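The values are calculated or read from the model by the stated rules, or taken from the named source; none is laboratory data. Being a predicted model, the structure only gives us computed values, none of them experimental. So basically every Cβ, Gly included, is an ideal-geometry build from the backbone, and we count neighbours across all protein chains shown. The protein model used for the area step is the full one, side chains on, heavy atoms only, and it has no ligands, DNA or RNA in it. Shrake-Rupley method; radii C 1.70, N 1.55, O 1.52, S 1.80 Å.
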Amino acid sequence: MTDRRSFLKKTALATAAAAAAPSLLGAMGRNEKRSAAENGRLQSTLIVPKENGLRITGTFLDEISHDIPHQNWGEKEWDRDFAYMKAIGIDTVIDIRCGYRKFITYPSPYLLKKGCYMPSVDLIDMFCRLAQKYDMKFYLGLYDSGVYWDTKDMSHEIEDNKFVIDEVWKMYGEKYSSFGGWYISTEISRNTIGAVEAFHAMGKQCKDVSGGLPTFISPWIDGKKAIMGTNAKVKDGVSVEQHEREWNEIFDGIHDVVDAVAFQDGHIDYDELDAFFSVNKKLADKYGMQCWTNAETFDRDMPINFLPIKFDKLRMKLEAAKRCGYDKAITFEFPHFMSPQSVYGAAGNLYERYKEYFNIL
């Protein structure tokens, strides 16, 4: 049996230990904080000039995709990602398409009647609310039926989007001040069948229904990497001269209803950037359009489709855009390829390298 003296001695020791615990924990907390602060001050030693590129201020949001994985985020994760975007200066978010074939991002009365699947969450409403919360502009990407990819004829896309444009504006455009514009989502690289007519018809309806809100397109350049991606026997992509001739004709037919062009930058080699970028800027200026770059943050040079891009490749593309006087840089696409919470661990590292280069604390 424990006597009274032993009991009191044990009690005193326990009391002393309890009193010391907060101070020990506090010291551990201070040490951990000090270590974190020291690590936070560590940066890569860059041997190239910093802030020499065009900053990314916009991103696509791809939740209707066929070639990158879904991350299955809820609103909590999306809210966190908008905060990450805001921290590096992103002011524009673009839903890349409000529907693709049978999958849709919002409960569209028209598309549901056509056999599309009911989504579990209204992503367009959520994106508009989050854009409003973080003081960003939201652009709505139009519906992509998938028919164009099978037929290479864009004219089919007009009919469905006649209804989609009207209902989207009534459901979200009239409700949210963050609704800032439209993305005509069908992608082309050359003067495709029906392209000018389709871009013009959809662009005009978008502007008419919304009181003139801006519209943009994001075509690709039919370069070497585009050719390789088709397994074609042709070794070379489009020449700069042919690219200029075809896009001069396209811009001539759409510039009154399309405000900006954001060419994808991943289908040409890095030593071709200035030549093609200069032509894009010259043509955009000629027709009074803004010239953006779609700075792809996934790597087209890897044997695996698609992984976050090597930082130096992104840096070179953004530096070329700045040299050529581009107006804005957007990316495909922050949530998968730059976000600290992406399914790809390398995406968070790209985010950190980007912040170092642009001196973002």
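Data for the structure
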| quantity | calculated |
| --- | --- |
| Any pair with Cβ under 6 angstrom, 6 or more apart, that starts in region 300-329 at a residue that is at pLDDT below 95 and ends at one that is assigned to a strand (DSSP E or B) | Phe306/Phe298 |
| Residue in region 217-224 that is surrounded by 17 or more Cβ atoms within 10 Å (Cβ to Cβ), within 24 Å of the chain's Cα centre (by Cα), among the charged types (D, E, K, R) and at pLDDT below 95 present | yes |
| Failed item in (1) touching a residue at least 40 places away in the same chain (Cβ under 8 Å); (2) surrounded by 17 or more Cβ atoms within 10 Å (Cβ to Cβ), with Ser155 passing the rest | (2) |
| Count of region 37-67 residues which are β-branched (Val, Ile, Thr) and under 20 Å from Leu140 (Cα atoms) | 4 |
| Positions within region 33-53 being assigned to a loop (DSSP other than H, G, I, E, B) and either open to solvent by 30 Å² or more (accessible area, probe 1.4 Å) or at pLDDT below 95 (or both), in sequence order | Leu42, Gln43, Ser44, Thr45, Leu46, Ile47, Val48, Pro49, Lys50, Glu51, Asn52 |
| Hey, Ser65 under 21 Å from the mean Cα position of the chain (by Cα), part of a loop (DSSP other than H, G, I, E, B), of a type in the set (S, T, N, Q) and modelled with pLDDT under 95 or not | yes |
| Residue count, region 336-361 (criterion: of a type in the set (Ser, Thr, Tyr), over 20 Å from Gly74 (Cβ atoms) and out of contact with any Lys or Arg (no Cβ under 9 Å at 6 or more places or on another chain)) | 1 |
| Meets criteria (over 22 Å from the mean Cα position of the chain (by Cα) and either assigned to a strand (DSSP E or B) or over 28 Å from Asp327 (Cβ atoms) (or both)) for Tyr110 | yes |
| Matching entry among Lys133, Lys76 (being open to solvent by 10 Å² or more (accessible area, probe 1.4 Å), within 19 Å of His336 (Cβ to Cβ), free of Cβ contacts under 8 Å to residues at least 60 places away in the same chain and charged (D, E, K, R)) | Lys76 |
| Verdict on Ile193 being at pLDDT 95 or above and among the β-branched types (Val, Ile, Thr) | no |
| Which numbered condition His255 misses (of (1) surrounded by fewer than 16 Cβ atoms within 10 Å (Cβ to Cβ); (2) modelled with pLDDT of 95 or more; (3) of a type outside the set (Phe, Trp, Tyr)) | (1) |
| Answer residue from region 207-228, given it is in contact with a strand residue (DSSP E or B) (Cβ under 7 Å, 6 or more places away or on another chain) and among the hydrophobic types (A, V, I, L, M, F, W, C) and is farthest from Ser189 (Cα to Cα) among those | Leu213 |
| Every residue from region 79-95 that is in contact (Cβ under 8 Å) with a residue 60 or more places away in the chain, out of contact with any Lys or Arg (no Cβ under 7 Å at 6 or more places or on another chain) and either open to solvent by 30 Å² or more (accessible area, probe 1.4 Å) or not in a loop (DSSP other than H, G, I, E, B) (or both) | Arg80, Asp81, Tyr84, Met85, Ala87, Ile94, Asp95 |
| Selection from region 113-130 of residues that are open to solvent by less than 40 Å² (accessible area, probe 1.4 Å) and assigned to a loop (DSSP other than H, G, I, E, B) | Gly115, Cys116, Pro119 |
| Near pairs, Cβ below 6 angstrom, 6+ apart or cross-chain, from region 344-360 (modelled with pLDDT of 95 or more) to any residue that is acidic (Asp, Glu) | Phe358/Glu51 |
| Residues of region 158-193 that turn out to be in a helix (DSSP H, G or I) and open to solvent by 30 Å² or more (accessible area, probe 1.4 Å), as a count | 8 |
| Matching helices (runs of 4 or more DSSP H) fully within region 260-346 where at least 3 residues are of a type in the set (A, V, I, L, M, F, W, C) and buried (at least 16 other Cβ atoms within 10 Å of the Cβ) | 273-286, 311-323 |
